Amino acid sequence: MTTIYIDGDEFTLENGEHINAIQAAARFGIEIPYYCWHPALSVVANCRMCEVEVGSRDPKTGEIRMLPKLVPACQTPAKDQTVLVTKSPKVLEHRRMIMELLLLNHPLDCPVCDQAGECGLQDFSYDHGRAEHRFVETRNVNPRKDVSDQIQLNSDRCIMCTRCVRFTREITRTGELQVMRRGEHAEIGVFPDHELDNPLAGNVVDICPVGALLDKDFLHKQRVWFLSKHNSICTGCSTGCNITVEENKGAAWRHKPRYNPHVNDYWICDEGRRGYKVANDPELLDATYVLEDGDHRATPIDQAIAAVSRNLALIAREGGKIAAIVSPFLTVEEAYLLCKYIKTISPSSVLALGPVPRSGEDATWLPDKSQGRTGDVSFVVCRPFTIRAEKCPNRRGVEEIVRHFQGEVIDYASIAARIGGGEFQAAYVTSNAPEPAFDESTAATIRRGVSFLVVQDTRVTPLANQADVVLAGGTYAEKAGCYVNHDGRLQFAEAALPPREGVLPDLDLFAILLERGAGPIRSSEVLAELAAEIDVFAVAAGGRLPEFGATIGGAEPNGTAPKNGSVYEQLYQDPWAGARR
Amino acid sequence: MRLDDPCIKKLEPPKLNVFERTYLPQILDGLAVTGRHILGVLRGESITIEYPEQPHRPSPNYRGVHRLNKDEQGRVKCVACMLCATACPVHCIDIIGATAPENWSDREKYPESFVIDELRCIFCGMCEEACPVDAVELTSFYDLTGLSREEMIFDKTKLLSVYDLTKEAEPSRMGNLTTF
């Protein structure tokens, strides 16, 4: 057990982890401001913002000996009998001095800076800085430049914390960015023809505490205080990175990573970062269509659902078989209701997993404590980050649901062949994939094999063009629900946007088909129901999940999880990124 | 706020004497004002004007229709920081920002679209207060009419034309400040 003293109060750290004074103080709700420190990066202590008075207490005599100078808290281990003073006049005056120094050359262009509203300089200047500017010389002006075609660098705003440089050296180990020149003239730069183009490059924008590195995709489009943040899960691949979808005026504007030590650590890939465009696509299906006299007519949802329900029931009554293709883009709750519906109307019907898109190979970044590191690594916990080749969020969850209802999982290739062979009279196909999952020839094969075809998708695909009823589903941003990632982690994603005009989220469509009663359905109700019914999902009992999700039954935790009670189990967010106190 | 806050200064209403408590002096005061006006009209000092033949000139701080100021090169001064839209209590300002053209060396951002819904506006002047570059100002235009709702939603062109109309009579109060 470790006892530390912060501002005269005694605190105990239970499990004696090796953490620094910033983390220890944060655990007890005491903020030590910092810029250059990041829990995943080595400590270089170059911003000097976190300097506090540090000393040690002799446990026998109770005598406290303070170090004569201020010491960076990011470099100070929170070991037994450490004494920290974070609010003395000496510390406060030091912070005022550092803020003044950092702002000497900083332009006063907050009104046009995209970082304004989530900027470390703004927040700490307000908390710890001084109101007047005493510097009378001309400020350094560095013209803005591009470090890649996605990222812009306004180096006059830079405070040389070198977080971005350390990220490219230590996490991606590509080392595109470096500090060029020295002292007053130092600036971040790339070598000619070696731009910052690795697949995780966008993270440097997130870790930049000021508005120096900016995402060109978001540049000048929105002010951050207009955006509402919704905790969601990236559906780009089966890693299931935790993200926030930031939305305003009915459109998603960007994805930001959300810390989860079990899944994505602090990062997301650039592909996931651009994934928000799926939600804003003007080509999304805008209505429900029913085939009448060889033509698809936009039909009110209730009539279309009635047509589905009537025809499927008729086919089942006449002894026909129904095939349902459950897409790996559906949430666990949606898959459960779909399977339940199909098995209710005809127990002989067959459930199959939808097409699982794959592209390329898994790419893993495994930072370690020796390579590329430039400073103190003793506080760093290295965790891998993987971009999966499997480009769907919920293959594993859908498999578990289908296995529960049917005992085995039939893959897409074999069900497509069986439908083409004329085994079934009706097919219910779900997709919601951002890229059309069915090409012309598969569509024609499926169409030929059945007499009644229902397609539920978010966009017009060759298969939808052939369907008897086209139900419009919700994009990932329009629905709430859980996904099971590659490692078997069940994670909840909030809905970020309201459903499009004339469209219901998939969960509501299935609930209406199942005649579950009036009123909108909540995903947590369904989750509670399926957790009680299916043993594998017992972790979600009551429809509630922990903040970082939970591992479903039969899955191995991925080995990088933090120990119980560790600081890494608490949500990490840079102090300027959250709402102001 | 605490009730025993030493900064709070408590004021008592003045005590009235017996004569004042009859309220006759106040009534006589009021009648005197009315009488002065009657005599003024008889002497030809009218307090009303023959609007619309004779235009009314509001005081210099009157808050009428908005204008978008131009800089000395004739470009819109606004930098699309959206602080006016943030300050606006009725959300009547809608701005779409964009990266400024390459040859605008002095700024990074400009408004691609700038729309004020004059029907929704309550003319409080908060946008003018918030603007860091004095680009949006309220003019003394008060006789604002339109035949449709659409006509009363002012876009960038219309707001810039209000500046052209009023720049002679009402020069920008802050001068031509284009940088922060």
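The values are calculated or read from the model by the stated rules, or taken from the named source; none is laboratory data. Because the structure is a prediction, the values reported are computed rather than measured. Quick reminder, even Gly has a Cβ in these numbers, built from the backbone with ideal geometry, and neighbours come from all protein chains shown.
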First in region A:268-297 and touching a residue at least 40 places away in the same chain (Cβ under 8 Å), second anywhere and assigned to a helix (DSSP H, G or I), Cβ under 6 Å, 6 or more apart: A:Ala279/A:Ala477; A:Thr288/A:Ile301; A:Thr288/A:Ala304; A:Val290/A:Ala304; A:Val290/A:Ala307
Unique residue being out of contact with any Asp or Glu (no Cβ under 6 Å at 6 or more places or on another chain) and either without any contact (Cβ under 8 Å) to a residue 12 or more places away in the chain or within 14 Å of another protein chain (Cβ to nearest Cβ) (or both) when the list is A:Val179, A:Val136: A:Val136
Conditions (1) at pLDDT below 95; (2) closer than 22 Å to A:Arg522 by Cα; number of the one not met by A:Asn264: (2)
Filter result (touching a residue at least 24 places away in the same chain (Cβ under 8 Å) and more than 19 Å from A:Thr288 (Cβ to Cβ)) within region A:439-464: A:Thr442, A:Thr445, A:Ile446, A:Arg448, A:Gly449, A:Val450, A:Ser451
Search result, residues across region A:350-367 that are in contact (Cβ under 8 Å) with a residue 60 or more places away in the chain, farther than 20 Å from A:Ala437 by Cα and part of a loop (DSSP other than H, G, I, E, B): A:Pro367
Count of residues meeting criterion [within 14 Å of B:Leu68 (Cβ to Cβ) and part of a loop (DSSP other than H, G, I, E, B)] in region B:138-172: 6
Residue check, A:Gly375 under 28 Å from the mean Cα position of the chain (by Cα) and in contact (Cβ under 8 Å) with a residue 40 or more places away in the chain: no
Strands (runs of 3 or more DSSP E) within region A:200-253 that include 1 or more residues away from chain B (no Cβ under 14 Å) and under 17 Å from the mean Cα position of the chain (by Cα): A:228-233, A:242-248
Test: A:Thr86 is more than 14 Å from chain B (Cβ to nearest Cβ), more than 32 Å from the chain's Cα centre (by Cα), buried (at least 20 other Cβ atoms within 10 Å of the Cβ) and under 30 Å from A:Leu13 (Cα atoms): yes
From the options B:Arg63, B:Arg107, B:Arg67, residue that is closer than 16 Å to B:Ala135 by Cα and within 12 Å of chain A (Cβ to nearest Cβ): B:Arg107
Top-ranked residue of region B:73-94 - restricted to ones that are on the phi > 0 side of the Ramachandran plot and free of Cβ contacts under 8 Å to residues at least 24 places away in the same chain, ranked as farthest from the other protein chains (Cβ to nearest Cβ): B:Gly74
Which numbered condition B:Gly97 misses (of (1) more than 10 Å from chain A (Cβ to nearest Cβ); (2) in a strand (DSSP E or B)): (1)
Test: residue in region B:74-88 that is farther than 24 Å from B:Ala169 by Cβ and surrounded by fewer than 16 Cβ atoms within 10 Å (Cβ to Cβ): no
Members of region A:63-82 found to be surrounded by 18 or more Cβ atoms within 10 Å (Cβ to Cβ), outside any strand (DSSP E or B) and polar (S, T, N, Q), listed by number: A:Gln75, A:Thr76
Region A:300-315: number of residues that are without any contact (Cβ under 8 Å) to a residue 60 or more places away in the chain and aliphatic (A, V, I, L, M): 3
Answer residue from region A:431-452, given it is surrounded by 23 or more Cβ atoms within 10 Å (Cβ to Cβ) and touching an Asp or Glu at 6+ places or on another chain (Cβ under 7 Å) and is farthest from A:Leu504 (Cα to Cα) among those: A:Ser431
Given (1) farther than 24 Å from A:His220 by Cα; (2) among the aliphatic types (A, V, I, L, M); (3) assigned to a loop (DSSP other than H, G, I, E, B), index of the condition A:Ile159 fails: (1)
Helices (runs of 4 or more DSSP H) within region A:267-339 that include 1 or more residues buried (at least 21 other Cβ atoms within 10 Å of the Cβ) and more than 20 Å from the chain's Cα centre (by Cα): A:301-317
In region B:110-134, the residues that are more than 25 Å from A:Leu219 (Cα to Cα) and either part of a loop (DSSP other than H, G, I, E, B) or within 9 Å of another protein chain (Cβ to nearest Cβ) (or both): B:Glu118, B:Leu119, B:Arg120, B:Cys121, B:Ile122, B:Phe123, B:Cys124, B:Gly125
